[in-house]
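One structure coming up, written as structure tokens, with questions to follow.
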Amino acid sequence: MKPIHSIILAFATFFLTACATSGFTYKDFKVSKGNAEAGTGKTVVFGSSHLQLEGTPIKMGDTLRDAKLTTMPPGFKLVSLTDGKGKVRIVSIVPSLDTKVCEQQTHYLSEKNRGLDRDVQLITVSVDTPFAQKRFAEESNIRNVTFLSDYRGGDFGRAHGLLVPDLHLLARSVMVVDKDNVVRYLQVVPELASMPDMERAFEEARKVAGLPQPASAMSSSSGSMGWSY
């Protein structure tokens, strides 16, 4: 395993190569079909390094935990995902919006859900500050996604076993939550630099919400997300 300062340097380099643009161009990033486990003692991979996770593990069938997140300014309200009871939600969890993969994951959630946002709430959670989230949303012209920040202490990450404590980041994940706050689908991406299978998450959200699958839906067996519709 690399020394932690080498990992931090690698992440810093990764961040500096990112840019948020209003006219987003999708890249041919690898899409992970695998699933890591959440919780203390489990790991995710970045490069050749295995990064430890921390917190109480979440899995499909579990109920969301009550952990406080912060809304964007000017509100700065403390909220919990459990407050959304009564709505089906897709929760997209990213390490930092200032990376290319996280940027694409968030644009994908916003732009490629084929009208799912009319019936399902779209949420992005990261450890970026609320100010950084607001900047990203405005520069990216994303208005159909709720941004929530876990910057205060990683409470959400620890409550769901998704915190990477050495770097104070969240493990890349996507979950579908039903109207009773039960996690009906969960993918914890094994490699931080890979995209989650967003098409699979959309498919599962439609099932949970009782919505028909779009006739033009492309199979989630595709190996990359560099294409667009």
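Kindly provide the set of residues from the range 167-210 that are basic (K, R) and either surrounded by 23 or more Cβ atoms within 10 Å (Cβ to Cβ) or under 13 Å from V120 (Cα atoms) (or both), ordered by number.
R172, K179, R206, K207
Identify the residue in the range 156-196 that is touching a helix residue (DSSP H, G or I) at 6+ places or on another chain (Cβ under 9 Å) and of a type in the set (D, E, K, R) and, among all such residues, is modelled with the lowest pLDDT.
Filtering the range 156-196 for residues that are touching a helix residue (DSSP H, G or I) at 6+ places or on another chain (Cβ under 9 Å) and of a type in the set (D, E, K, R), the one modelled with the lowest pLDDT comes out as D166.
Continuing with this model, one more query. Please tell me if D117 is open to solvent by 10 Å² or more (accessible area, probe 1.4 Å) and under 28 Å from K207 (Cβ atoms).
Yes.
How about the range 12-47: which of its residues are under 26 Å from E138 (Cβ atoms) and either in a strand (DSSP E or B) or at pLDDT 95 or above (or both)?
T25, Y26, K27, F29
What tally of residues in the range 45-84 results from selecting those that are hydrophobic (A, V, I, L, M, F, W, C) and surrounded by fewer than 18 Cβ atoms within 10 Å (Cβ to Cβ)?
Residues in the range 45-84 being hydrophobic (A, V, I, L, M, F, W, C) and surrounded by fewer than 18 Cβ atoms within 10 Å (Cβ to Cβ): 5 in total.
Hey, another quick one. For V94, all conditions in the list (1) touching a Cys at 6+ places or on another chain (Cβ under 8 Å); (2) of a type in the set (A, V, I, L, M, F, W, C); (3) over 13 Å from L148 (Cα atoms) hold save one; what is the number of the exception?
Single failed check for V94: (3).
Within the range 88-104, identify whether any single residue is surrounded by 15 or more Cβ atoms within 10 Å (Cβ to Cβ) and farther than 24 Å from L192 by Cα, and answer yes or no.
Yes, the range 88-104 contains a residue that is surrounded by 15 or more Cβ atoms within 10 Å (Cβ to Cβ) and farther than 24 Å from L192 by Cα.
For the structure I just gave you, tell me whether D66 is in a loop (DSSP other than H, G, I, E, B) and farther than 20 Å from R184 by Cα.
Criteria not met by D66.
List the residue pairs whose Cβ atoms are under 8 Å apart, where the first residue sits in the range 79-90 and is farther than 15 Å from D62 by Cβ, the second is surrounded by 15 or more Cβ atoms within 10 Å (Cβ to Cβ) and among the acidic types (D, E), and the two are 6 or more positions apart or on different chains.
If the second residue must be surrounded by 15 or more Cβ atoms within 10 Å (Cβ to Cβ) and among the acidic types (D, E), the pairs left are V88/D178.
The values are calculated or read from the model by the stated rules, or taken from the named source; none is laboratory data. Keep in mind it's a predicted model, so treat the numbers as computed, not measured. Counting neighbours? That spans all protein chains shown, and the Cβs are built from the backbone with ideal geometry, glycine included. Note: areas computed on protein heavy atoms with side chains; ligands, DNA, RNA excluded. Shrake-Rupley method; radii C 1.70, N 1.55, O 1.52, S 1.80 Å.
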